[in-house]
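**Q** Take this structure, written in structure tokens, and hold onto it; I'll ask about it next.
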Amino acid sequence: MTDLMDKNQNSEFTEEEYYFISGFLIEAGSDTTRISISMALAGARAFPEWVERTQKQLDSVCGSQAKRLPEFSDMDSLPLAKAAIKESLRWKPAFSATGLSHALIKDDTFESFTFRAGTAVTFNSWVISHLDYEDPERFLDQDLDTPTKGYPS
């Protein structure tokens with residue numbers, strides 16, 4: 001926002017427009033966080049056995065009665081928490097079910113279908129990532145930390 005204001009020396013935007021843009025950016029950023037946290041809580045309610053297992057692991061790393069909060073440096077010691085987070089993002093993603101559209105930059109063929117350059121392509125990410133079962137243990141594989149492998153969430 002500061003960069004935008006600094007570059008706007010010619011007053012392209014009014015003060016009211018800056019307020020609107022700022023509010024929009026804050027709202028856009030907080031919605032995905034709010035939805036993700038809400039869905040993680042829904043998952044905790046739906047799968048209490050995972051809450052108990054994860055809590056035991058958190059207690060072993062951070063001390064019982066929350067002597068301290070977990071830090072990013074603790075993640076290697078908290079594989080169940082990491083798996084539960086990834087599963088909640090897969091289970092109920094915070095973004096549109098159709099994801100973001102993309103346009104092909106060159107002709108492409110998939111199976112027997114040909115798509116021309118410029119064709120808008122979208123996908124149903126909910127169907128792709130929503131399996132018939134919930135199994136956070138699939139995220140315990142260390143290879144899933146590599147963004148190009150495993151599950152995208």
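Just so it is clear, none of the values below were taken in a lab; they were calculated from the coordinates. Given the structure is predicted, the values throughout are model-derived calculations rather than measurements. Backbone-built Cβ (ideal geometry, glycine too); neighbour counts: all protein chains shown.
**Q** Can you tell me which of 107-115, 50-58 comes out highest on packing, and rank the rest after it, using the mean Cβ neighbours within 10 Å?
**A** 50-58, 107-115
**Q** Count the lysine pairs in the stretch 13-145 whose Cα atoms lie under 22 Å apart, taking only pairs 8 or more positions apart in sequence or on different chains.
**A** So the count of such lysine pairs works out to 5.
**Q** Right, next: Could you run the Debye sum over the Cα atoms of the stretch 13-145, one equal point scatterer each and no solvent, and tell me log10 of I(q)/I(0) at q = 0.09, 0.11 Å⁻¹, two decimals?
**A** Each listed q corresponds, in turn, to -0.45, -0.63.
**Q** What net charge do the residues around residue 25 carry, taking every other residue with its C-beta under 13 Å from that of residue 25, with Lys and Arg at +1 and Asp and Glu at -1?
**A** -4
**Q** What ranking, highest mean first, results for peptides 33-46, 74-87 when packing means the other Cβ atoms within 10 Å averaged over each residue?
**A** Highest mean packing first, the order is 74-87, 33-46.
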